[in-house]
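Working notes for the structure below.
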Amino acid sequence: MRIITIPLLVSLAGATVPASAQESKYLGKETRLTGCVQWEKDYRRERNEGHGGALGTGAGVANEFVLTMVKPEGTRKATAYSVTGDREKELGRRVGQQIEVYGVVEDEGKAGSGQSGDLPRIKVTAWVPLKDFCPSQ
């Protein structure tokens with residue numbers, strides 16, 4: 001009877017884990033995301049305008065990027081990621097284009113926040129250009 005009880009309890013405990021804890025399975029693991037490269041300052045400005053100016057000034061560092069229009073997959077809900085890592089500087093020539101990035105999710109960000117500082121972060125280890133434009137969703 002003990003042999004059956006322990007696996008049953010373990011499976012029941014796993015079923016009650018909140019969604020936010022399930023999303024953490026991407027932290028620290030290599031993942032692949034497809035999205036569009038955008039300057040962080042432009043992303044902030046657009047988000048700020050969309051919220052009536054309530055998110056701050058929209059000032060961003062000129063050499064930082066956000067991967068936007070990312071399709072949610074599995075328990076991953078984010079549609080935009082702040083890009084970090086040594087390969088980030090290479091993305092300047094890909095602004096406005098769709099790419100696929102490979103990297104490690106460093107931070108999940110704050111759910112429901114429109115501020116780019118609260119976005120999940122991905123440390124890019126490699127990237128591949130896909131399209132010379134960003135397809136509309």
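The values are calculated or read from the model by the stated rules, or taken from the named source; none is laboratory data. It should be emphasised that the depicted structure is a prediction, and the values quoted were computed from it without experimental measurement. Here Cβ is always computed from backbone atoms with ideal geometry, including for glycine, and neighbour counts include all displayed protein chains. Note: accessible area is taken over every heavy atom of the protein model, side chains too, but ligands, DNA and RNA are not part of it. Shrake-Rupley method; radii C 1.70, N 1.55, O 1.52, S 1.80 Å.
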Worksheet entry | Looking only at the range 45-74, and only at residues there that are modelled with pLDDT of 85 or more and outside any strand (DSSP E or B), the one that is nearest to G85 (Cα to Cα) | E64
Worksheet item: Of all residues in the range 101-137 being of a type in the set (V, I, T), within 14 Å of V70 (Cβ to Cβ) and in contact with a helix residue (DSSP H, G or I) (Cβ under 7 Å, 6 or more places away or on another chain), which is modelled with the lowest pLDDT?
Response: V105
Discussion item. What's the total number of residues in the range 75-95 that are assigned to a strand (DSSP E or B) and modelled with pLDDT of 90 or more?
Written reply: 5
Discussion item. Checking Q98 against (1) modelled with pLDDT under 90; (2) open to solvent by less than 60 Å² (accessible area, probe 1.4 Å); (3) on the phi < 0 side of the Ramachandran plot, only one condition comes out false. Which one?
Written reply: (1)
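Which ones in the range 70-88 are among the small types (G, A, S) and open to solvent by 30 Å² or more (accessible area, probe 1.4 Å)?
G74
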